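The values are calculated or read from the model by the stated rules, or taken from the named source; none is laboratory data. In this text the structure is predicted, and so the values were computed from the model without any measurement. As a convention, Cβ positions derive from the backbone with ideal geometry for all residues, glycine included, and neighbour counts pool all protein chains shown. Surface accessibility is based on the protein's heavy atoms, side chains included, excluding ligands, DNA and RNA. Shrake-Rupley method; radii C 1.70, N 1.55, O 1.52, S 1.80 Å.
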Amino acid sequence: MWDYSEKVKEHFYDPKNAGAVEGANGVGDVGSISCGDALRLTLKVEPETEVILDAGFQTFGCGSAIASSSALTEMIKGMTLDDALKISNQDIADYLDGLPPEKMHCSVMGREALQAAVANYRGEVWEDDHEEGALVCKCFAIDEVMIEDTIRANNLHTVEEVTNYTKAGGGCSSCHEGIENILTRVLAENGETFVAGGAAVPAPAAAAAKAPESPKMGTLARIRKIEAVLDSIRPALQADGGDVELIDVDEKSIYVNLTGACTGCQMAAMTLGGIQQRLIEELGEFVKVVPVAKESLVSMGA
Amino acid sequence: MSDIYLDNNATTMVDPAVFEEMKPYFCEQFGNPSSLHNFGNKVGFALKKARKQVQDLLGAEHDSEIIFTSCGTESDSTAILSALKAQPERKEIITTVVEHPAVLTLCEHLETEGYTVHWLEVDSKGRLDLDKYKSLLSDKVAIVSVMWANNESGTLFPVEEMAQMAAEAGVMFHTDAVQAVGKVPINLKDSAISMLSLSGHKLHAPKGIGVLYLRRGVRYRPLLRGGHQERGRRAGTENAAAIVGLGKACEMAAEHMEFENTQVKAMRDRLQEGLLAAIPHCFPTGDPDNRLPNTASIAFEYIEGEAILLLLNKVGIAASSGSACTSGSLEPSHVMRAMGIPYTAAHGTVRFSFSRYNTMEEVERVIEEVPGIVAKLRKLSPYWGEDGPVENPGEAFAPVYA
């Protein structure tokens, strides 16, 4: 079962710009027949302005490959080549109201076909720098090759490090066995042995809360402490283009607003969990971090 | 018009008569069969009857050879792991490259734990080389596990002959028969098969019930230890309602065995003949002369399976595909690749699998719908020209990475 958006279905059932464009002067062939996806993009470019007058696709592939191809041709018609090249695979996925993680490679193929076709028009040789492996982390669509490369490039040794560098394993955690197997294999290349570090069971937040027995803080001191903790976390969030702001404190509930890139990020829940853990440790009491959007403040009576 | 279900190798409808039989075992006959009071006792007798019904369908000699499990996968794992546990000095396994993941993935995992797995390959029609098989049998082999019928192509393996060869070499033989039970006659007491797995939901019983047949005298180590259920060979309170349903389903499968091999087969044959006549560049996969009566696996060249399924689904026809894209992996079906089917065809393989609930009218409707769908997708394919495949598809369209 695939959870396709209505937009994907629309472009699959009734694809736009199917077939080769007549008088095309840019052709991009990408994909791999062994993987079951292959795409030929044909462009008709006006030489003076470099505007894409017409675009057509021929695709051997699944529903989302056909939909991605159709979406791409719709998006680039009328654009200049330079503007078209700015389209990312995420833009293609967004145009289709999202793709399942297993299908994100279909949008990657679209972007690559575009690069190949532009290179062909300009008389350049396009080289594919992208190798795709079996999907490991379904939450964030991270494949085996990417994990292997990241482990080698950064000398990673633990599943936690792999998650920090690639996001893989940061969601439901079902793929941790797979990541451990990859670590075992890659580390063995250098004669190293993978050792599963850390606790086998994640510590529950409540248990950690018991640790420090600090004297009870007054309201103002407590809020200042909370602000201080958030300030210490802020640089890490800003590095990823996000931010956090304190909205309100109501006994055990601490209301925060995640902003910027944090909004809608699949890692948001993890981020909140991390903030909560830090606050519990610093305050020495159990608290609950509750995400709120700015708009809902009125109804909260804040 | 109602939808047409041609995906019975994936799962089947629970037969209404099976459902009727199960109903009392939820709110009325809810007792634990291990209890001695009336509540439990009646359920105990119902399980006894079901065990007999399963025994009859399998042609097993004793009813105590039937062990109820939770599914086909549990039966497969129990069988293989039992053989390894019971014979720790034997470190080799023989299986095939076209097994269901229930066996394939387990064996791949066992390789990482130090076991040697001999993977039997298949030819272009999905057939095994029995001479090669014979050469691998030795006192180092703990178990042979070979499926009775392939879930994708329907091809039947000569498991009775292979079990005999294993027995002569003193090796245990297990068969994953989830696709075969209820579709082809089975008579275990006249065979040398040590263990056999079946799954209820493939033969009109509910999901969540399976059976491991264990020949009397075959050395065995349970997977789940605990209570004394199933004579201590599979602990855990029995799924009574599902067991009762499976018993009824087995009885009905035996009654319909002839129908399956005549009427159901005729529908399958008509579908294949109709599609091959109407559509150029398509062919059946596997061994058409030696396969399940209900299965036709057809490769439509130059197009991709998931796209075919989505368009079939749109017109109310349910089938399935060996295409990579339906499973989330990038490689096409391991079964199609093992038979050496080229990528341009392997990705476009569609499996139509029938049951006794299908009709000839449905078959005719499918024959009407499929050619248009194939033509529509071929029009989009870079491997297809105006009126046929482009010449030298491999050269005419050679993408940047391959």
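Any residue in the stretch B:26-35 that is in a helix (DSSP H, G or I) and either modelled with pLDDT under 95 or open to solvent by less than 80 Å² (accessible area, probe 1.4 Å) (or both)?
no
In this structure, does A:GLU132 turn out to be without any contact (Cβ under 8 Å) to a residue 24 or more places away in the chain and within 12 Å of chain B (Cβ to nearest Cβ)?
no
Please go through the stretch A:209-223 and give me each residue that is modelled with pLDDT of 85 or more and surrounded by 12 or more Cβ atoms within 10 Å (Cβ to Cβ), ordered by number.
A:ARG222, A:ILE223
Among the numbered conditions (1) over 14 Å from B:LEU196 (Cβ atoms); (2) open to solvent by 10 Å² or more (accessible area, probe 1.4 Å), tell me where B:THR96 comes up short.
Checking B:THR96 against (1) over 14 Å from B:LEU196 (Cβ atoms); (2) open to solvent by 10 Å² or more (accessible area, probe 1.4 Å), the one that fails is (2).
If we keep just the residues of the stretch A:1-22 that are within 9 Å of chain B (Cβ to nearest Cβ), more than 23 Å from the chain's Cα centre (by Cα) and touching a residue at least 40 places away in the same chain (Cβ under 8 Å), which is nearest to A:GLU112 (Cα to Cα)?
Checking each candidate, the answer is A:ALA18.
Quick one: is B:ASP269 farther than 20 Å from B:ILE373 by Cβ and in a helix (DSSP H, G or I)?
For B:ASP269, the condition - farther than 20 Å from B:ILE373 by Cβ and in a helix (DSSP H, G or I) - is met.
Do you know which of the residues in the stretch B:216-230 that are surrounded by fewer than 15 Cβ atoms within 10 Å (Cβ to Cβ) and not charged (D, E, K, R) is nearest to B:GLN55 (Cα to Cα)?
My answer is B:GLY217.
Are any residues in the stretch A:44-99 open to solvent by 10 Å² or more (accessible area, probe 1.4 Å) and within 14 Å of chain B (Cβ to nearest Cβ), and if so, which ones?
Hits for the stretch A:44-99 are A:GLN58, A:LEU99.
Only one of these is assigned to a loop (DSSP other than H, G, I, E, B), touching a residue at least 24 places away in the same chain (Cβ under 8 Å), in contact with a strand residue (DSSP E or B) (Cβ under 7 Å, 6 or more places away or on another chain) and open to solvent by less than 10 Å² (accessible area, probe 1.4 Å): A:ALA168, A:ALA117. Name it.
A:ALA168
Inside the stretch B:142-246, counting only strands (runs of 3 or more DSSP E) that do not spill past its ends, which hold 2 or more residues that are more than 24 Å from B:MET339 (Cβ to Cβ)?
In the stretch B:142-246, the matching strands (runs of 3 or more DSSP E) lie at B:195-199, B:210-214.
Filter the stretch B:31-56 down to the residues that are touching a helix residue (DSSP H, G or I) at 6+ places or on another chain (Cβ under 8 Å) and free of Cβ contacts under 8 Å to residues at least 60 places away in the same chain and list them by number.
If the condition is that a residue be touching a helix residue (DSSP H, G or I) at 6+ places or on another chain (Cβ under 8 Å) and free of Cβ contacts under 8 Å to residues at least 60 places away in the same chain, then B:GLY31, B:SER35, B:LYS48, B:GLN55 are the ones that fit.
Being among the small types (Gly, Ala, Ser) and either not assigned by TED's automatic domain parsing to the domain that holds B:PRO88 or not in a helix (DSSP H, G or I) (or both) is the filter here, so list the residues in the stretch B:99-136 that pass it.
Hits for the stretch B:99-136 are B:GLY114, B:SER124, B:GLY126.
Return the only residue of B:THR78, B:THR11 being in a helix (DSSP H, G or I) and at pLDDT 95 or above.
Exactly one of B:THR78, B:THR11 is in a helix (DSSP H, G or I) and at pLDDT 95 or above, namely B:THR78.
What single numbered condition from (1) of a type in the set (Ser, Thr, Tyr); (2) part of a helix (DSSP H, G or I); (3) more than 13 Å from chain A (Cβ to nearest Cβ) fails to hold for B:SER355?
The number of the failed condition is (2).
Does B:ALA235 satisfy being in the same structural domain as B:GLY200 (by TED's automatic domain parsing) and more than 24 Å from B:LEU203 (Cβ to Cβ)?
Against the criterion (in the same structural domain as B:GLY200 (by TED's automatic domain parsing) and more than 24 Å from B:LEU203 (Cβ to Cβ)), B:ALA235 qualifies.
Determine whether B:TYR357 is of a type outside the set (Gly, Ala, Ser), touching a Pro at 6+ places or on another chain (Cβ under 9 Å) and not assigned by TED's automatic domain parsing to the domain that holds B:ALA102.
no
Give the residue, chosen from B:TYR213, B:TYR220, that is modelled with pLDDT of 95 or more and under 19 Å from the mean Cα position of the chain (by Cα).
B:TYR213
Which one is farthest from B:ASN9 (Cα to Cα), of the residues in the stretch B:57-71 that are touching a helix residue (DSSP H, G or I) at 6+ places or on another chain (Cβ under 6 Å) and assigned to a helix (DSSP H, G or I)?
Going through the qualifying residues, I end up with B:ASP63.
What strands (runs of 3 or more DSSP E) lie completely within the stretch A:12-104 and have 2 or more residues being aliphatic (A, V, I, L, M) and over 27 Å from B:ALA375 (Cβ atoms)?
Filter on the stretch A:12-104 gives A:51-60.
Within the stretch B:280-305, count every residue that is within 14 Å of chain A (Cβ to nearest Cβ) and either open to solvent by 10 Å² or more (accessible area, probe 1.4 Å) or at pLDDT below 95 (or both).
Selection size over the stretch B:280-305: 6.
Conditions: (1) at pLDDT 95 or above; (2) surrounded by 24 or more Cβ atoms within 10 Å (Cβ to Cβ); (3) more than 23 Å from the chain's Cα centre (by Cα). B:ALA277 meets all but one. Number of the miss?
With (1) at pLDDT 95 or above; (2) surrounded by 24 or more Cβ atoms within 10 Å (Cβ to Cβ); (3) more than 23 Å from the chain's Cα centre (by Cα) applied to B:ALA277, the lone miss is (2).
Which ones in the stretch B:325-343 are surrounded by fewer than 21 Cβ atoms within 10 Å (Cβ to Cβ), in a loop (DSSP other than H, G, I, E, B) and at pLDDT 85 or above?
Residues satisfying the conditions are B:GLY340, B:PRO342.
Scan (1) more than 9 Å from every other protein chain (Cβ to nearest Cβ); (2) modelled with pLDDT of 95 or more for the single condition B:SER321 breaks and write down its number.
Unmet condition: (2).
Output yes when any residue across the stretch A:113-123 is out of contact with any helix residue (DSSP H, G or I) (no Cβ under 6 Å at 6 or more places or on another chain) and of a type in the set (S, T, N, Q), and no when none is.
yes
Applying the selection to the stretch A:176-208, what residues are modelled with pLDDT of 90 or more, under 27 Å from the mean Cα position of the chain (by Cα) and open to solvent by 80 Å² or more (accessible area, probe 1.4 Å)?
A:GLU177, A:ASN181, A:ARG185
Scanning the stretch A:23-43 for residues that are more than 10 Å from chain B (Cβ to nearest Cβ) and among the small types (Gly, Ala, Ser), which turns out least open to solvent (accessible area, probe 1.4 Å)?
Among those residues, the one meeting the criterion is A:GLY26.
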